[in-house]
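Structure record follows, encoded as structure tokens.
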Amino acid sequence: MGALLEIGQLTAGYGATQVLFGIDLAVGEREVTTLLGRNGMGKTTTIRTLMGLARATGGTIRFRGERIDNLVPERIARMGLAVVPEGRQIFPNLSVEENLRAFAGNRCAAADPWTLDRVYAFLPRLQERRRNMGNQLSGGEQQMLAIGRALMTNPHLLILDEATEGLAPLVREDIWQCLHTLAAQGQAILVIDKYVTRLIALAHRHTIIERGRVVWSGTSAALDADHGVWHRYLGV
């Protein structure tokens, strides 16, 4: 399984405050990988640095073999990275369909790309609500729209930052089912979430960070076998 994303010894922060201290992380082609840790440990900063929204002060980020650390966010996105951000960040004054069309593009030159019709078939609730404004949707519908919007770019790598946070249990289940379907289709995914049991069933490999440093990495089988790691670093 070839490396799609390789982060090596990444350091980053905000102003004089360093947040990341030598992060190593990799995502293979067609692989699901997680980035885990308690709140405030550097997970979102890692994603922001990966996407060019925070400045890398050291180390390297390679995507499909090309250095992308400190490229502008638009260029990074056009290379085929798509983020479902924490808080969803959909356009509230655009309709569901306008939100989706605004991001349409086959960035990875897929033979069977995500189109509006395909997203509607995958997330039928969006088709039902296609004429509603973003601010008229429930939290779960907004999250599905954020996922559909990311898929419309046809990314090489889909990144989800707390995609199930604050959702009702039934809606959360819908999101997990979406992710399992995408994984089965070979979509490479990097997931930040707190539901370890669900992530073990979904992902191939996991990386745990604590105060901006990698403290554990390994396979789902290894993480499932060591619940002490859960209690020590994840508060589970």
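Below are the figures for this structure:
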| quantity | calculated |
| --- | --- |
| Filter pass, residue 157 being at pLDDT below 95, under 21 Å from residue 189 (Cα atoms) and under 21 Å from the mean Cα position of the chain (by Cα) | no |
| Complete set of residues in the range 122-181 that are basic (Lys, Arg) and either closer than 27 Å to residue 46 by Cα or surrounded by fewer than 19 Cβ atoms within 10 Å (Cβ to Cβ) (or both) | 125, 130, 131, 149, 172 |
| Unmet requirement for residue 111, which otherwise passes all of (1) crowded, with 16+ Cβ neighbours inside 10 Å; (2) not in a helix (DSSP H, G or I) | (1) |
| Residue 141 being among the acidic types (Asp, Glu) and over 21 Å from residue 86 (Cβ atoms) | no |
| Any hit, the range 58-71, residues being surrounded by 19 or more Cβ atoms within 10 Å (Cβ to Cβ) and of a type in the set (Phe, Trp, Tyr) | yes |
| Those residues of the range 115-136 which are among the hydrophobic types (A, V, I, L, M, F, W, C), in a helix (DSSP H, G or I) and either touching a residue at least 12 places away in the same chain (Cβ under 8 Å) or on the phi > 0 side of the Ramachandran plot (or both), in sequence order | 116, 119, 122, 126 |
| Residue match in the range 183-194 (condition: more than 28 Å from residue 20 (Cβ to Cβ), among the small types (Gly, Ala, Ser) and free of Cβ contacts under 8 Å to residues at least 12 places away in the same chain) | yes |
| Single residue of the range 69-125 satisfying the filter (of a type in the set (Phe, Trp, Tyr) and under 20 Å from the mean Cα position of the chain (by Cα)) that is nearest to residue 27 (Cα to Cα) | 114 |
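The values are calculated or read from the model by the stated rules, or taken from the named source; none is laboratory data. Just so it is clear, the model here is predicted, and its values are computed rather than measured. Positions of Cβ are generated from backbone atoms using ideal geometry, with glycine treated the same way; all protein chains shown enter the neighbour counts.
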